Amino acid sequence: MKYIYLVCVFLLCGCHIGHHYEVYHYDNGEDYVQDGLVRIVDPKTQKIGYATPDGQVVIEPRFAFAHPFHNGTAKVTYEGKQTEVSGSHGEYHTWQSPHWFYIDKHGYEVKR
């Protein structure tokens, strides 16, 4: 039983070539697959990146904040702060940054 538990933990942990990434948590659960990718988080740095649903890392975690992909692009930033939505009693937060930009599915900045 202990062996089965360890195998399940390993499979769910998002391990990838010596790096331990987790699926980004959104709306009280794991992030949704959107446009074929899911957001991942490096628990050591709290940076966000992207992976396929089967765990293949496509864009290494390097963003402070990152929105899901939609129509081939995602809005991301390297810096900013998370603030509580007024009146939500800590349940909802928003990301604020003066330097948002869009990336394609290879991680390259694109104009929109």
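For the residue pairs Lys47/Lys75; Lys81/Lys111; Lys47/Lys111; Lys47/Lys81, the C-alpha atoms sit more than 21 angstrom apart in Lys81/Lys111; Lys47/Lys111.
Taking 0.36 nm per residue of separation and subtracting the Cα-Cα distance, full extension of the segment from Phe101 to Glu30 would add 23.1 nm.
All C-alpha pair distances within the stretch 29-96, sorted into 10 Å bins from zero, spread as 20, 48, 28, 4 percent across the bins.
Amide H to amide H distances under 5 Å link Ala74 with Ile103, where only residues 5 or more positions off or on other chains count and H is placed in the peptide plane.
The numbers here are math on the coordinates, done by the rules we state, and not lab data. Remember, predicted model here, so these are calculated numbers, not experimental data.
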